[in-house]
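Read the structure below first, then the notes.
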Amino acid sequence: MSSSVVMLLFVSAIVLAACGGPSVDLEYLDSRVKPNLEIPPDLTLIKVDSGFELPAIFSGDGTGSGSKIPVLASVESIKLKGHSDFYWLSIDEPAENLYQLVKQFWASEGFTLAMDEPVIGIMKTNWVFNKEGGKDKDKSFFAKLFAGDETSQIQDQFKTRIARDGGTATSQIYISHRGTQASPLVYSQSDKFRQIQFADGGTGDEWKFRASEPELEVEMLSRLMLYLGLRQLEVDQQLAKIKLFAPRASIHTDYAEDETYILVKDEIRRTWNRTLHQLERLNFEVISADLSSGLTGNTGVMLVETDIEVEVDTSGFFSFSPNIEIVKMQVKLVLSEESHEITRISMETTNGDTDYSPEGVEFLTLLYQYMK
């Protein structure tokens with residue numbers, strides 16, 4: 001038999017033996033997939049389709065190879081200005097060019113707007129509700145930023161005002177913060193001036209305002225600076241100059257004239273902006289505000305409207321306690337120069353007389369608590 005015939009018979013025998021053996025497919029289905037290599041604890045597995053991008057802003061010295069495309073064409077003019085507990089951004093850019101950018105900034109931070117008024121340059125976020133507990137280990141950015149007690153329920157809201165700096169092309173951006181916290185139903189006299197509408201649309205009876213937190217305003221201003229195009233290093237250099245401390249203000253009563261007023265150790269224009277800022281923190285509605293120059297110096301007049309609680313006498317056989325009604329009250333604040341470094345804040349009635357009513361004194365005392 002030739003060698004070619006022997007080789008053909010040998011190959012045929014191997015094929016027949018393979019067909020009669022165990023199924024290769026079944027053996028594959030019975031096999032188990034070995035687990036992937038374990039990811040080290042300090043690394044995170046990134047999904048290919050997750051849209052992951054390298055961060056554009058580097059912390060530290062800002063010398064990374066990445067670069068951030070500025071939102072503004074020129075970012076050198078972005079300056080953090082202010083003193084005490086009152087800070088703002090000064091930018092060499094018209095206010096109308098900044099409004100949409102600031103609006104986009106709040107959206108990028110996860111906020112929605114409850115007020116959006118581009119004509120007057122004012123926007124206000126909706127309340128952000130946080131219920132914190134000791135078992136919540138994975139806190140969001142807001143929960144970490146607005147840290148409260150272990151079982152606290154807090155709400156936070158920001159209001160932004162974009163104003164022109166006189167007749168120049170420079171604009172100023174102010175961010176005011178308001179915060180509330182759930183507490184027992186215990187009221188003070190000043191509480192009747194501050195009505196709260198909170199996130200779930202209720203009456204807000206159990207919510208009380210938290211103490212002023214200017215550091216949160218500075219935090220948001222710094223994040224806005226980053227959003228507009230400054231590097232982290234440049235922002236940190238400006239933040240290093242900030243020293244939060246209480247401004248110098250005092251409240252006085254002239255018993256001979258039956259008048260209560262506030263003295264602020266600061267020039268009138270800065271006191272004017274600070275007063276507007278504090279009224280925004282308190283959520284008072286400023287109907288009109290006019291700061292003008294005269295022969296005797298600068299004078300500013302603000303007309304503020306607020307809700308107050310008043311007792312209504314409902315005496316009768318079945319009446320055991322007076323009813324409480326909420327009524328509108330207008331307050332007229334007058335700012336005048338005592339000297340170049342001292343500003344006086346007093347109150348007048350809408351007729352121009354000195355306001356010595358109990359409600360007026362309480363309002364001024366409440367404002368002083370935020371100005372001192």
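Observations on the model:
- Pairs are defined by a Cβ separation below 8 Å, a sequence spacing of at least 6 or placement on different chains, a first member in region 117-139 that is at pLDDT below 50, and a second member that is of a type in the set (Gly, Ala, Ser); the pairs so defined are Asp136/Ala143.
- Considering only residues in region 234-283 that are aliphatic (A, V, I, L, M) and within 19 Å of Glu359 (Cβ to Cβ), the one that is surrounded by the most Cβ atoms within 10 Å (Cβ to Cβ) turns out to be Ile262.
- Unique residue being assigned by TED's automatic domain parsing to the domain that holds Leu228, in contact with a helix residue (DSSP H, G or I) (Cβ under 8 Å, 6 or more places away or on another chain), closer than 22 Å to His277 by Cβ and not hydroxyl-bearing (Ser, Thr, Tyr) when the list is Leu98, Leu72, Leu80: Leu80
The values are calculated or read from the model by the stated rules, or taken from the named source; none is laboratory data. These numbers were taken from a predicted model, which means no experiment stands behind them. Ideal geometry is used to build each Cβ from the backbone, glycine not excepted, and the neighbour counts take in all protein chains shown.
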